[in-house]
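Read the structure below first, then the notes.
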Amino acid sequence: MTIATLLVANRGEIASRIIASARRRGLRTVAVYSDADRGAPHVRAADVAVRIGPTPAAESYLRIEALLDAARRTGADAVHPGYGFLSERAAFARAVVDAGLTFVGPSADVMEQMGRKDLAREVAVAAGVPVVPRFELPATGGTAAAGRATDEDPEPAAGFPVLVKAAAGGGGKGMRVVREPEHLEAAIAAARREAAAAFGDDTILLERYVEHGRHVEVQVLGDSQGSVVHLYERDCSSQRRHQKVLEEAPAPTISPAARTVLLDSAVSLARQVGYQNAGTVEFLVAGEPGAEDVYFLEMNTRLQVEHPVTESVVTVAGEPLDLVDLQLRVAAGEPLPFTQDDVRCQGHAIEARVYAEDAFGGFLPQAGVASYVRWSPRARVDEALSTGAEVSTAYDPMLGKVIVRGPTREAARRALVDALDDTAILGLTTNLGFLRALAASDAFRDNQVDTAWLDTHPDELRPPDSSVVAVIGAWALAHGGTGTRAEDPFGTGDGWRLAGPSAPVMVELVVDGDPLVFQVGSGTVRVGGEREHRVAPVAHEEGVHRLEIDGLVHEAAVMVGPHQVELSHLGHTFVLQRPDAFGPGGRRVSVGDGVVTAPMPGTVLRVDVEPGELVGAGQVLVVLEAMKMELSLKAPFDGTVATVSATAGRQVALGAALFEVEAT
């Protein structure tokens, strides 16, 4: 079959990524968009773009009929689902084929088997692939069954901790680690709600939770002629709440024997099910190198977010891979253009996922307008965010991926730190600073980060010291935010004198909650009338200040606003308030300890209390949802509910007051 026009049934960076490969292949490309994405990069990149509905995904990107109608209207003969949304929905793959189109992915039947964790497990057992011990779900209100294994298990009564996880989907949605029997029922209920919201299927599995394992996955590729190859493995152990943060290839800690088991098992599994196109087989590796236990977790029947690290290190006959191009070849009925013997893995690659989330505040999703965006020129960047773009809570919070390569893992790690230093996003809270801190940490350098490390070491990674950015912020404010040199009288905020050097400019900023006064002179910045720093501008470009401070050069992206100075330094974003510049609306309303506010923008799912009701400390008052993540807000202390401003189904902004509790 021939593919001439490809419709990309997705959005964001993956849509742009697919369009780029399709155009290199000479295909006509079709983008689809919701109202929120009318001006998005993927829409501009495609040859044709079609509106498919309003902003909510359920009314646009998840509407199968709207996508098929877009294909009919544009003459598309193939559909690539990307990842997320409908990419692993067998119903969508079947509908595409029934409409006479080519689906770029495995068949609907294979997707049904391998896209569900319970059925995929059965295929793995039949293929002789080792699996994690599974337990029966307890009857409603009970917990005893959690200790009863359904597979052969040397310790069937080991019981807790267990992992509650959705049978459908992935991405950490519908997953809970339960360590005590009394918490199991609530965890199952919450996982069911998340799974139903994210995947339309609330089926739940219960498995042994393997502590301190490594998450290792194998990229496989199969064609319609029966050939199946592996493209080596990736390590995705840097996770928080089962959501991947950093990924790398090849896996740095496994032994040659474990690698053989992983690669052979992945190929056997794919052959067992007759897999065609690109897929990923995920494993958990536990134990010391040379004595590892390998367990099958699941198979992702689609392209993975982290596929660029494989493209960065795997070659065929010395040439780099393009996995999307290979997907299109296989979908068109072509055989794989190489065999397993042609595949080589050289060097090391690491990918960092950039999210709109408050990594140092519970990883809560964020929304807003990116007032300034700069991606590193020293890395491959797959992104869909530019200056002025608005990020909402309607979709997944991933903004882009920063991918680096080096001859060794340490070279790649250092390259990632440098690339994250280059990257700046202002106006929007992101995890850039967290990624930079993790990549630069001794723990990541020394391969100590397993799947539980980020969740069990919450205080290991902290924002960088604010003293340097405070000096840069004061200097920028004193010089009008222009970055011009101090000796230029028109670049000085105040104090210029015809007959002598500029008088110091007084600048007040709130740094780490403390108001500080800075005296900015022609070559110095004095902080609080005490410590004085020698400062000299080195170079500048629009929005970026490079200053020599006490003999060391520092760089920061800076945006000066009427009420604050926002800076990005070492990947982390700092917001320094300007108390002397506050006018009407400039200062946030201060709330007392009894006011419960929204820690993230989102939708109120449930309100559990009414005005006048007595509540206890820690009692759930309301449940918020944003980007398919639930968050329960609780009473700060024992008391009486004085006011209720939250309403189920209503959208709320970050910081909105939802309840007030009066102490009893």
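The values are calculated or read from the model by the stated rules, or taken from the named source; none is laboratory data. Everything numeric here is computed off the predicted structure, so don't read it as measured data. As a convention, Cβ positions derive from the backbone with ideal geometry for all residues, glycine included, and neighbour counts pool all protein chains shown.
The set of residues in segment 440-455 that are more than 17 Å from A286 (Cα to Cα), of a type outside the set (D, E) and without any contact (Cβ under 8 Å) to a residue 60 or more places away in the chain comprises A440, S441, A443, R445. Put simply, of T29, T55, T5 the only residue that is of a type in the set (S, T, N, Q) and under 30 Å from K165 (Cβ atoms) is T55. Taking segment 438-514 as the region of interest, the helices (runs of 4 or more DSSP H) fully inside it that hold 1 or more residues being within 15 Å of R578 (Cβ to Cβ), among the aliphatic types (A, V, I, L, M) and modelled with pLDDT of 85 or more are 467-478. I'm trying to understand the selection: among the residues of segment 298-322, which are of a type in the set (D, E, K, R), closer than 17 Å to V281 by Cα and modelled with pLDDT of 95 or more? Across segment 298-322, the qualifying residues are R302, E306, E311. Within segment 307-330, restricting attention to residues that are within 25 Å of the chain's Cα centre (by Cα) and not hydrophobic (A, V, I, L, M, F, W, C), the residue that is surrounded by the fewest Cβ atoms within 10 Å (Cβ to Cβ) is D325. L326 fulfils the conditions (1) part of a loop (DSSP other than H, G, I, E, B); (2) of a type outside the set (S, T, N, Q); (3) farther than 30 Å from V210 by Cβ except for a single criterion, (1). Entry remark, segment 571-610: residues being assigned to a loop (DSSP other than H, G, I, E, B), closer than 17 Å to V644 by Cβ and either modelled with pLDDT under 50 or not β-branched (V, I, T) (or both) number 6 in total. In this structure, Q304 does not satisfy being part of a helix (DSSP H, G or I), in contact (Cβ under 8 Å) with a residue 40 or more places away in the chain and surrounded by 17 or more Cβ atoms within 10 Å (Cβ to Cβ). E460 meets the conditions (1) surrounded by fewer than 19 Cβ atoms within 10 Å (Cβ to Cβ); (2) touching a Gly at 6+ places or on another chain (Cβ under 7 Å) in every case but one. The failed one is (2). When A93, A58, A108, A46 are checked against the criterion of being within 23 Å of V267 (Cβ to Cβ), free of Cβ contacts under 8 Å to residues at least 40 places away in the same chain and under 26 Å from the mean Cα position of the chain (by Cα), A93 stands alone in meeting it.
Could you look through segment 625-664, keep only residues that are within 26 Å of the chain's Cα centre (by Cα) and small (G, A, S), and pick out the one that is surrounded by the fewest Cβ atoms within 10 Å (Cβ to Cβ)? Applying the filter and picking the extreme gives G649.
Which members of segment 213-230 meet the condition of being in a strand (DSSP E or B) and farther than 24 Å from N431 by Cβ? Steps first, answer last, please.
Within segment 213-230, the subset in a strand (DSSP E or B) is 214-222, 228-230.
V218, Q219, V220, L221, G222, V228, V229, H230 - these are the residues of segment 213-230 that are in a strand (DSSP E or B) and farther than 24 Å from N431 by Cβ.
Note on segment 165-200: among residues that are in a helix (DSSP H, G or I) and touching a Lys or Arg at 6+ places or on another chain (Cβ under 6 Å), the one that is nearest to R116 (Cα to Cα) is A198. None of V110, V104, V97, V164 is modelled with pLDDT under 95 and at negative phi except V164.
Filtering segment 392-429 to residues that are closer than 17 Å to S16 by Cα and not acidic (D, E) leaves Y395, P397, M398, L399, G400, K401, V402, I403.
Residue-by-condition table, conditions (1) more than 20 Å from L246 (Cα to Cα); (2) β-branched (V, I, T); (3) out of contact with any Ser or Thr (no Cβ under 8 Å at 6 or more places or on another chain):
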| site | (1), (2), (3) |
| --- | --- |
| A367 | yes, no, no |
| W375 | no, no, no |
| R378 | no, no, yes |
| A384 | no, no, no |
| T387 | yes, yes, no |
| A394 | yes, no, no |
| M398 | no, no, yes |
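The lone criterion from (1) more than 25 Å from A452 (Cβ to Cβ); (2) small (G, A, S); (3) surrounded by fewer than 24 Cβ atoms within 10 Å (Cβ to Cβ) left unmet by A270 is number (3). Taking segment 317-338 as the range and being within 22 Å of L269 (Cβ to Cβ) and in contact with a strand residue (DSSP E or B) (Cβ under 9 Å, 6 or more places away or on another chain) as the test, the residues that pass are L321, L323, L326, Q327, V330, A331, L336, F338.
So that you can scan it fast, the table gives a plain yes or no per residue for (1) out of contact with any Pro (no Cβ under 9 Å at 6 or more places or on another chain); (2) buried (at least 20 other Cβ atoms within 10 Å of the Cβ); (3) closer than 17 Å to E298 by Cβ; (4) of a type in the set (G, A, S):
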{"position": "Q225", "(1), (2), (3), (4)": "no, no, no, no"}
{"position": "V229", "(1), (2), (3), (4)": "yes, yes, no, no"}
{"position": "D235", "(1), (2), (3), (4)": "no, yes, yes, no"}
{"position": "H242", "(1), (2), (3), (4)": "yes, no, yes, no"}
{"position": "V245", "(1), (2), (3), (4)": "yes, yes, no, no"}
{"position": "P250", "(1), (2), (3), (4)": "yes, yes, no, no"}
{"position": "T253", "(1), (2), (3), (4)": "no, no, no, no"}
{"position": "T260", "(1), (2), (3), (4)": "yes, no, no, no"}
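Of the residues making up segment 231-281, those that are part of a strand (DSSP E or B), under 25 Å from V404 (Cβ atoms) and either out of contact with any strand residue (DSSP E or B) (no Cβ under 8 Å at 6 or more places or on another chain) or polar (S, T, N, Q) (or both) are S237, S238, Q239, R240, Q243, T280. Entry remark, segment 229-254: residues being among the acidic types (D, E) and closer than 14 Å to W453 by Cβ number 1 in total.
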